[in-house]
Number of protein chains: 2
Amino acid sequence: MKAKITLKDIARELEVSISTVSKALKNSEEISRDTKEKVQAFAKLYNYKPNNIAISLKNKRTKNIGVVIPDIVHHFFTTVIRGIEKYANARGYNVIVCLSEESFDKEVINMEMLANGSIDGFIMSLSSQTQEKGDYNHLKEVTEQGIPVVLFDRITHEVDCDKVIIDDELGAYQATKKFIDQGKKKIALITTDDYLSVSKARTKGYWKALEESELDADQSMILKMPSMEMDEEAIKTFLGNKEPDAVLCVNEIFAVCGMRFVQKKGLRIPEDIAFIGFTDGVLSKYANPSLTVVAQHGEKMGEESARMLIEKVESEAEEETYQTKILEPTLVIRDSIAH
Amino acid sequence: MKAKITLKDIARELEVSISTVSKALKNSEEISRDTKEKVQAFAKLYNYKPNNIAISLKNKRTKNIGVVIPDIVHHFFTTVIRGIEKYANARGYNVIVCLSEESFDKEVINMEMLANGSIDGFIMSLSSQTQEKGDYNHLKEVTEQGIPVVLFDRITHEVDCDKVIIDDELGAYQATKKFIDQGKKKIALITTDDYLSVSKARTKGYWKALEESELDADQSMILKMPSMEMDEEAIKTFLGNKEPDAVLCVNEIFAVCGMRFVQKKGLRIPEDIAFIGFTDGVLSKYANPSLTVVAQHGEKMGEESARMLIEKVESEAEEETYQTKILEPTLVIRDSIAH
DNA sequence: TGTCAACACGAAACCGTTTTCGTTGAATAT
DNA sequence: ATATTCAACGAAAACGGTTTCGTGTTGACA
């Protein structure tokens, strides 16, 4: 086992000072050609690499980004991470991933763990419990310490920081409009509780499209699932009772379950009943029939978040200006609607 | 913006030395009750938290784990990460995730980035390119430096380190056996190229089950997809020509595609043709019909990997004994086979 | 009154860098 | 011969902790 070599080791071996070694390795003008060559050759030979921790301590920059998200076994979040990773890595940053598992406490603990020097900034999507509670003190504390934060997707307006979202309202609006344009009359919505910022926005878009049309918007055509957990029975009962001819779902899973149920009942998709979901994941692509979805462009979102964060991290100026970037959703047309 | 407070700040305010503050906060016996209370109260008031970087530098432990995997938008890997996260977090470790994107170079770069002090150990699954190349020097270098490594799923026996795998051969064997027991005669296998350690093992298990039976094992009943990319046409042609009555697939996607194709041809699943896939992901669960799979227990694998790594990290002893933990796969029976 | 623990605390080294600010010795200018 | 400049390097502080090893004060005891 050959241990890591340090500046001190090189200095000792070459009988020069540590500062000389450090400067020589940075090709400083201060050092003579001879010495530089000698030092650099030696460093190369022994595969010297500076210790990141020491450097971090010195210049108070870790080149680490903390990402705190509710869940990772979820297509949307993984694509966001990939986007973050991609951008961050290209800029020499590492990504530390922490999972809140939809729990407020875990979110707080994770942030505290990272906020003490481990990272230069946070990229986060709020846990459902946090959004339900409406308690954002852990975020405020961090921003007050001067640590930059970027919120994506599940955000709150109560914290001053950069934000990246897609226009969920618009996405739902366009999807609903699509149904209306195709002559659908009884359009249902399957969503989750309103405290999730995204669900709220999507419901709004759905509602808006209906109100703009001749169709009467009907509260009873909305099914609110109490949690993110799947409750297949609830969906079956709802679809069985309401008999809609089009269903908008706030995620893939609700949609695929719905499709499976109506198919078993003998209905044809999309002729008798059409489906649109949110999230362009693997499920939509390989569902039978394939599912039309409002794509959220997670990877783009991740890249954008990383870009905004790193910009803040690297800017010396302490401007207190924050922006909210709104990405446009796009409808990915597949076989679950007519086309 | 209130900046982070340091020991030095506390020492100055309270007119004691830094060492006293440090000891007081650790409740050292050396310090008087009075002083301890004073210091602790002050620290609490100003919300003092020690700087992780400084501590890392001092005791040469970062409490960070580096995870390098080929891909994250893949159900199996995300479950593994979740398992790692869970265990590591409970032990006070953070997880730094790096993606090799199946590229050898990226794998090397990522490891180099992390190996200079950023992490205490690695948990990895090899990129396909690395397995294809068979070049494991980057791994060897790291282990020679005394940095513990745990390899999972996509491993190599050329590196001395702990390993966690599932018994892929057994999984494929059991699945194939299941087909045979159910009276299937023409059992096909859809896999990827052999350089992937897991595909190789699965092919072996498939082969073994066939050889043990009366059925003649036939090379032409194996479709090797050139890459991890989906080539729907290849699957269609293969299934169209060979007309198997059972298909084992090394992942979910191949299986779901296959199912969709044969359904369009009017075949009934599982009566006319049965399917079993690998990976108990979201796709299998919500496919129509739902897909029977060999579950890989990713979360367990992640936990196990983290456990082994942290044990090595925290053990002072430099025992050079490595173990390979083999997890048992389980068949999750769903509607794509008779039952 | 002198000695010795025990107590409570501080000085300083250390982890591995970077960086500022000397300090040499030699070459050049005066 | 003296002053000035410059090249080439080293000492030391700093980042924020931990830890070892003093050291000064106190009280008890002989």
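Observations on the structure shown:
- Of the cross-linked pairs A:Lys2/B:Lys106; A:Lys140/B:Lys58; A:Lys49/B:Lys4; A:Lys236/B:Lys242, those separated by over 27 Å at the C-alpha level are A:Lys140/B:Lys58; A:Lys49/B:Lys4; A:Lys236/B:Lys242.
- Remark on A:Arg154: its backbone amide H falls under 5 Å from those of A:Leu126, a criterion applied only to residues 5 or more positions apart or on other chains, H modelled at 1.01 Å from N.
- Whole-Hz Karplus values for region B:172-183 come out as 5, 4, 5, 5, 5, 4, 4, 4, 4, 4, 8, x Hz, taken residue by residue from phi with 6.51 cos²θ - 1.76 cosθ + 1.60 and θ = phi - 60°; glycine and proline positions read x.
- A 1.4 Å probe, protein heavy atoms only, puts the accessible area of B:Lys285 near 110 Å².
- A:Gly281 long-range amide H proximity, modeled H, under 5 Å: none
- For B:Lys224, inter-copy separations between label points set 7 Å beyond Cα along the Cβ vector come to 5.7 nm, shortest first.
- Between the amide H of B:Val67 and those of B:Ile96, B:Val97, B:Cys98, B:Ile123, distances stay under 5 Å, these residues lying 5 or more places away or on another chain, with hydrogens modeled in the peptide plane.
- Length-normalised contact order of chain A in % [C-alpha pairs under 8 Å, at least 6 apart]: 18
- For region A:168-296, relative contact order (Cα pairs under 8 Å, six or more residues apart, normalised by length) works out to 25 percent.
- Whole-Hz Karplus values for region B:143-148 come out as 5, 5, 7, x, 8, x Hz, taken residue by residue from phi with 6.51 cos²θ - 1.76 cosθ + 1.60 and θ = phi - 60°; glycine and proline positions read x.
- From largest to smallest, the equivalent ellipsoid semi-axes obtained for region B:237-339 from the alpha-carbon gyration tensor read 39, 12, 10 Å.
- Inter-copy separations for B:Thr35, label at 7 Å along Cα-Cβ, nm, ascending: 4.3
- Legend: mean number of C-beta atoms from other chains within 10 angstrom of residue C-beta atoms, peptide A:97-105, equals 3.
- A simple count of charges around A:Ile276, restricted to other residues whose Cβ falls under 10 Å of its Cβ and scoring Lys, Arg +1 and Asp, Glu -1, yields +2.
- Cα gyration tensor shape for chain A, rounded if a/c is under 1.5, else prolate or oblate: prolate
- Once each of the GluC sites (Glu not before Pro) sitting in a DSSP loop with at most 12 other beta-carbon atoms within 10 Å is removed, chain B keeps B:31-157 as its longest stretch.
- Couplings 3J(HN,Hα) for region A:19-34, derived from phi with the Karplus relation 6.51 cos²θ - 1.76 cosθ + 1.60 (θ = phi - 60°), are 4, 4, 4, 4, 5, 4, 5, 9, 6, 5, 5, 5, 9, 5, 3, 3 Hz, where x marks Gly and Pro.
- Label-point separation in nm, A:Asp194 to B:Glu316, each point 7 Å along Cα→Cβ: 6.1
- Anisotropy class of the protein assembly as shown from Cα gyration tensor, a/c 1.5 cut: oblate
- Taking 18 Å as the cut-off, the amide N atoms of region B:30-56 that come nearer than this to a point 7 Å along the Cα-to-beta-carbon line of A:Gln145 belong to B:42-56.
- Between copies, the label points at B:Thr237 (set 7 angstrom from Cα along Cα-to-Cβ) are spaced 5.1 nm, reported in nanometres from shortest to longest.
- Per principal axis, descending, Cα span of region A:7-50 in whole Å: 23, 17, 17
- Euclidean distance between Cα centres, region B:185-199 to region B:10-43, Å: 65
- Every helix of 4 or more DSSP H residues in chain B counts as -39500 (n - 2.57), and over all residues that averages to -14000 deg cm²/dmol at 222 nm.
- The relative contact order of region A:7-50 comes to 34 percent, based on Cα pairs under 8 Å that sit 6 or more residues apart.
- Taking every residue in B:284-295 and counting other chain Cβ atoms within 10 Å of its Cβ, the average works out to 3.
- Full extension of the chain segment joining B:Glu29 with B:Glu271 gains 79.5 nm, where the gain is 0.36 nm per residue of separation less the Cα-Cα distance.
- 10 Å Cβ neighbours from other chains, averaged over peptide B:83-91: 2
- Computed from the Cβ-Cβ distance with R0 of 56 Å, the FRET efficiency linking B:Asp231 to A:Ala41 stands at 0.65.
- C-alpha center-to-center spacing [region A:261-307, region A:71-138] in angstrom: 25
The values are calculated or read from the model by the stated rules, or taken from the named source; none is laboratory data. Just so it is clear, the structure is predicted and the values come from calculations on it, not from any experiment. Cβ sites come from the backbone with ideal geometry, for glycine too, and all protein chains shown count toward neighbours. Side chains are part of the model used for accessible areas, which takes the heavy atoms of the whole protein and leaves out ligands, DNA and RNA. Shrake-Rupley method; radii C 1.70, N 1.55, O 1.52, S 1.80 Å.
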